[in-house]
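**Student:** The structure's right below; bear with me while I get my questions together.
The values are calculated or read from the model by the stated rules, or taken from the named source; none is laboratory data. These numbers come from a predicted model, not from an experiment. Note that we place each Cβ from the backbone using ideal geometry, even for glycine, and neighbour counts take in every protein chain shown.
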Amino acid sequence: MSFQHLDLRRPSLSGFVGIDNYARAMALPEVQRSWISTGTFAVMAVAIVVTLSVCFALLLNEKFKGAGVLQVLLLVPWSIPLVVSGTLWKWIFNENFGIANEIMSQLGLIPYYQSFIVQQWPAMLILLLAYVWVEVPLPTLLIYASLQSVPQELYEQSKIDGASAWHRFRTVTFKWIRPIFFIVLVYETLMDIRAFDLVYVVTSGGPADFTALISFFTWRMAFANLNFGTATALSLILVAISVLLIYLYYRLLRVGRLRLRIR
């Protein structure tokens, strides 16, 4: 399909077009803006999700009263369907009776209720918040499970040597969890660039396509514009990028293992 002209609005023009769909997919200004939005969203989302996941995992790894309750609470956002979660955040920031507007108004942060969804960066940040809320639990549990396997003797030895908390984290904890950390990093990157459900529910790609991530734009190209040829080309480009990211992950993991063996 990616090598065919399959535009249902102009069926008479159907036929083989070679790589024209790929060239068009990369040359369209709307696609270029979508890639920029996707890259911006992915960088922010990966940084926030991975950082929070490591912090929560380290917190859960400490023995304190209520740790079990915290684990259950962390799983709640992950268990909620994405459409329901997206609807929840859209209502929270509703311009007429959203609780976010009420809180900010009471605190004097805004003079009156505002429609954040129709403003570019507020809409992006709301989408990011909804995404982080859903995505943090799974990486947290993966990193937490990895932390459980760290030998306590290593921590005891580093304490005897007078190592600071940061030094123990860098030389013991991170080295031990590095394989799962890279898995989380690549997994979250792949999830970011293919995010669709929350975009569809929360912002519908607006305002002015500012939050139209590439997966959402591909869907719209196919099922709104009825251009299946270009949409398929975009899908395959996204697959190629995903494969490249997975390859880079394996390369990084192999280099990390080699360095550990040398040391």
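**Student:** Determine which member of the set Phe3, Phe41, Phe16 is touching a strand residue (DSSP E or B) at 6+ places or on another chain (Cβ under 8 Å) and surrounded by 12 or more Cβ atoms within 10 Å (Cβ to Cβ).
**Tutor:** Criteria check complete, one pass: Phe3.
**Student:** Would you call Thr87 in a helix (DSSP H, G or I), modelled with pLDDT of 90 or more, within 21 Å of the chain's Cα centre (by Cα) and surrounded by fewer than 18 Cβ atoms within 10 Å (Cβ to Cβ)?
**Tutor:** yes
**Student:** How many of the residues making up the range 180-213 are touching a residue at least 60 places away in the same chain (Cβ under 8 Å) and either within 17 Å of Ile48 (Cβ to Cβ) or touching a Leu at 6+ places or on another chain (Cβ under 6 Å) (or both)?
**Tutor:** Going through the range 180-213 one residue at a time, the tally reaches 17.
**Student:** List the number of the failed condition for Leu109; all other conditions in (1) surrounded by fewer than 16 Cβ atoms within 10 Å (Cβ to Cβ); (2) assigned to a helix (DSSP H, G or I); (3) not hydroxyl-bearing (Ser, Thr, Tyr) hold.
**Tutor:** Single failed check for Leu109: (2).
**Student:** Quick one: count up the residues across the range 219-247 that are out of contact with any Gly (no Cβ under 9 Å at 6 or more places or on another chain), crowded, with 17+ Cβ neighbours inside 10 Å and not aliphatic (A, V, I, L, M).
**Tutor:** Total satisfying the criteria: 7.
**Student:** Tyr144 is checked against (1) farther than 27 Å from Asp192 by Cα; (2) of a type in the set (Ser, Thr, Tyr); (3) under 25 Å from the mean Cα position of the chain (by Cα) and fails just one. What number does that condition carry?
**Tutor:** Of everything listed in (1) farther than 27 Å from Asp192 by Cα; (2) of a type in the set (Ser, Thr, Tyr); (3) under 25 Å from the mean Cα position of the chain (by Cα), Tyr144 misses just condition (1).
**Student:** Name the residue that is surrounded by the fewest Cβ atoms within 10 Å (Cβ to Cβ), counting only residues in the range 203-218 that are of a type in the set (Ser, Thr, Tyr) and in a loop (DSSP other than H, G, I, E, B).
**Tutor:** Filtering first and then ranking leaves Ser204.
**Student:** Kindly evaluate Arg33 against the criterion of being basic (Lys, Arg), modelled with pLDDT under 90 and under 21 Å from Phe216 (Cβ atoms).
**Tutor:** Spelling it out, it is not the case that Arg33 is basic (Lys, Arg), modelled with pLDDT under 90 and under 21 Å from Phe216 (Cβ atoms).
**Student:** Also, quick follow-up: Of the conditions (1) out of contact with any helix residue (DSSP H, G or I) (no Cβ under 6 Å at 6 or more places or on another chain); (2) crowded, with 16+ Cβ neighbours inside 10 Å, Ser164 clears all except one; give me its number.
**Tutor:** Going through (1) out of contact with any helix residue (DSSP H, G or I) (no Cβ under 6 Å at 6 or more places or on another chain); (2) crowded, with 16+ Cβ neighbours inside 10 Å one by one, Ser164 breaks only (2).
**Student:** Residues being over 18 Å from the mean Cα position of the chain (by Cα) and polar (S, T, N, Q): count how many of those fall in the range 1-57.
**Tutor:** Summing the residues that are over 18 Å from the mean Cα position of the chain (by Cα) and polar (S, T, N, Q) in the range 1-57 gives 6.
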